[in-house]
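Notes follow the structure.
The values are calculated or read from the model by the stated rules, or taken from the named source; none is laboratory data. Predicted, not measured: the structure shown is a model, and the values here were computed from it. Counting neighbours? That spans all protein chains shown, and the Cβs are built from the backbone with ideal geometry, glycine included.
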C-alpha cells in the first residue's frame, strides 16, 4: 500500500472520529449516525455473501434480530460483559447462518431468495411468540454497554464503540477478501465448475459465506440492541422490509466492494431523514428516496463505489492527456 | 509407464450411452490426443476424469491410484488439472487473480491467519504471486496481469486458462479444444507451447481437439472415438489411414 492511500485512510478515520463532537448533533441525528454505522457492518456482511460469493439473502433482518436478542439475553440474564456478549452474538448468529447455508447448497438465484425470505419471516414470527426470550410486545431493555467501568450511555460516546468495531470489521474483511478465502468466494461466483476444477470445495465455501455474513450481522445486531435501550420483536430493523433495505444498500453502494457497502448504508439511512425535512407531507420523503434509488441504479448500475473509481480514472486520463499535449507542444 | 489408465469407462445419460466401455492409457510424458466427430463423447470422458460426472461403470487410474470415487475439487490435488471447451475463466477477477485461484488447493492459509494478515500469510501470498507471475512470463502475457479477464481477447483468455491449469504444478493437464477459435499463427504458437509444457515441465498432456493438423503434428498417440466407442488407437500415421476413422469423419472425408 502506498503512502497516499495511508494518508487518505488516516484522514477518513480522523474525520469520522472528529466531526460528530464538532457538529454537536442533536440526539436524534447522533442516533441516526450510530445506526448508519451499524448498518454498514450488516452491509459489509451481506456484500461478502452477495457481492463476493454470489449468493442471495433476503433474510438479514432476521440475523440482526438473532444477534440483538442473543446479546440482550447474555447481558441481561447471564450478566456477561458487553464485549464478550458482542463476540458471542456474532458466533451464535454465525452458526444460525451456517444452518441457513445448508439449503443454499441445493438452491440458486430466485429459489434461494425465496428460501431466505421464508427464513426471515419465520424468525420474526418465532421471536414474537417466544415471549420468555424476547419479551414480546412489552419488550426488553438491553443495558447500556460498559467497558472497563466506563458506561457508554450517550449516543455520542457509543458512536466511538461502533466506529472501532466497524474499523476492525473493515480491516479483517479487507484481509479476508484479498487472500485465499476471498478468491475462493469470487471464483465460485464467477464459475462454479471452474472453481471445482481448481480445487475449491464449493459446498464448504457457500456454507462459510453464509456463516461469515451472519457473523457480521450478529455483531451488528448486538450493537443495535444496546443502542436501542428498548427492543421488541416488531422492530422495523428485524423485518423483511429492512432486509430489502440492506439489499438496496449494497446494490446502490456497489457489489463486491467494502467502501460501497459503507456508502450504501449511510445513504439508505440518511436519505429518508434528509428528504423528510423538505416537506411536511410524510410520504413525500419515501417517494423522493425511491426516485433517487432508481436514478442511482439507472445511471450507476455497478454502484456508487465503482462510479467514483470511474470518475477518478477519467480525471486522471484527462490530466495525463493534458500533460501529453503540453509535452508535445514543448517538443515542437 | 502408464500414467493414466481409463478402463471400460461407460457413461449413460438416461438411455443414451455417451461413452461406451472405453479403454485407453496414456504414458508418462506423452502427448495423447482424443479425437472424434461432434458428439462422440470426448468431453464426457474429460468430465468423468475430472469427476464432474459419475461414470455408470469403469475405472480411472492415475499414477496407480484409482480416482473414480474422488470429489471434483480433490482432482487437482492428485496432480490433474484441466481447461474447458468454452473458456471458463473467473471473469470479474484479474488475470493474475485467475492464476492465484489455480493454486488455491496448495495455498496454506486459514480464515484467522488471513483475517489478521499474519506474517505466514504475507509470505504465502508472495510465494503464490511470484509463481503466478513466472507462469504469465512464460506465456508472454505478464503485461495483462492486472487487467480483468473478461476484457481480454479470446486468444489471451485461452492462454490465461492454460496458465491457471499450469500454476498448480500438475503432472497431467487435460486440454479441451485449446485451438478452437484460434487462427493459424496462434495455433502454431499453441503447438509450441504444448510441446514446451511436455519437454521442459515434464507434464503429460491429454488433448481433445478438432484441429487435425495440430493433433497429427504434436500427438504421439491418438484415440479416435465415435458414438462413445473407441474405433481406432495408435500413432498419427496409423490413425490417418484407418478406414474406420475416415468413415467416421463425414463418411470418408480426407483428414490431413
### Message
As an exercise: evaluate residue B:133 against (1) more than 12 Å from chain A (Cβ to nearest Cβ); (2) surrounded by fewer than 16 Cβ atoms within 10 Å (Cβ to Cβ); (3) closer than 30 Å to residue B:30 by Cβ; (4) in contact with a strand residue (DSSP E or B) (Cβ under 7 Å, 6 or more places away or on another chain) and give the number of the one condition it does not meet.
### Response
(4)
### Query
Residue check: is residue B:64 more than 14 Å from chain A (Cβ to nearest Cβ) and surrounded by fewer than 19 Cβ atoms within 10 Å (Cβ to Cβ)?
yes
### Message
Among the residues of segment B:113-123, what is the count of those that are under 22 Å from residue B:73 (Cβ atoms) and more than 7 Å from chain A (Cβ to nearest Cβ)?
### Response
1
### Selected residue (criterion: nearest to the other protein chains (Cβ to nearest Cβ)) from residues of segment B:93-112 that are over 20 Å from residue B:155 (Cβ atoms) and touching a residue at least 24 places away in the same chain (Cβ under 8 Å)
B:105
### Task
Sort through A:225, A:220, A:194 and tell me the only one that's modelled with pLDDT of 95 or more, out of contact with any strand residue (DSSP E or B) (no Cβ under 8 Å at 6 or more places or on another chain) and farther than 13 Å from residue A:45 by Cβ.
A:194
#### Entry: Scope segment B:169-203; condition assigned to a loop (DSSP other than H, G, I, E, B) and more than 16 Å from residue B:137 (Cα to Cα); matching residues
B:170, B:171, B:177, B:178, B:179, B:180, B:181, B:182, B:183, B:202, B:203
## Note on the structure
Within segment A:185-201, residues being facing chain B (nearest Cβ under 7 Å) and in contact (Cβ under 8 Å) with a residue 12 or more places away in the chain number 4
### Message
For segment B:67-88, which positions are under 21 Å from residue B:130 (Cα atoms), more than 7 Å from chain A (Cβ to nearest Cβ) and buried (at least 22 other Cβ atoms within 10 Å of the Cβ)?
### Response
B:81
### Query
Looking at this structure, is residue A:36 under 15 Å from the mean Cα position of the chain (by Cα) and outside any helix (DSSP H, G or I)?
no
### Query
Looking at A:181, A:176, A:168, which one is surrounded by fewer than 19 Cβ atoms within 10 Å (Cβ to Cβ), closer than 30 Å to residue B:94 by Cα and within 14 Å of another protein chain (Cβ to nearest Cβ)?
A:168
### Task
Mind telling me which of the residues A:214, A:248 ends up being in a helix (DSSP H, G or I), crowded, with 21+ Cβ neighbours inside 10 Å and touching a helix residue (DSSP H, G or I) at 6+ places or on another chain (Cβ under 8 Å)?
A:214
### Query
For segment B:16-50, which residues satisfy the criterion of being out of contact with any strand residue (DSSP E or B) (no Cβ under 8 Å at 6 or more places or on another chain) and part of a helix (DSSP H, G or I)?
B:47
### Task
Could you pull out the residue among B:166, B:172 that is within 14 Å of another protein chain (Cβ to nearest Cβ) and farther than 21 Å from residue B:96 by Cα?
B:172
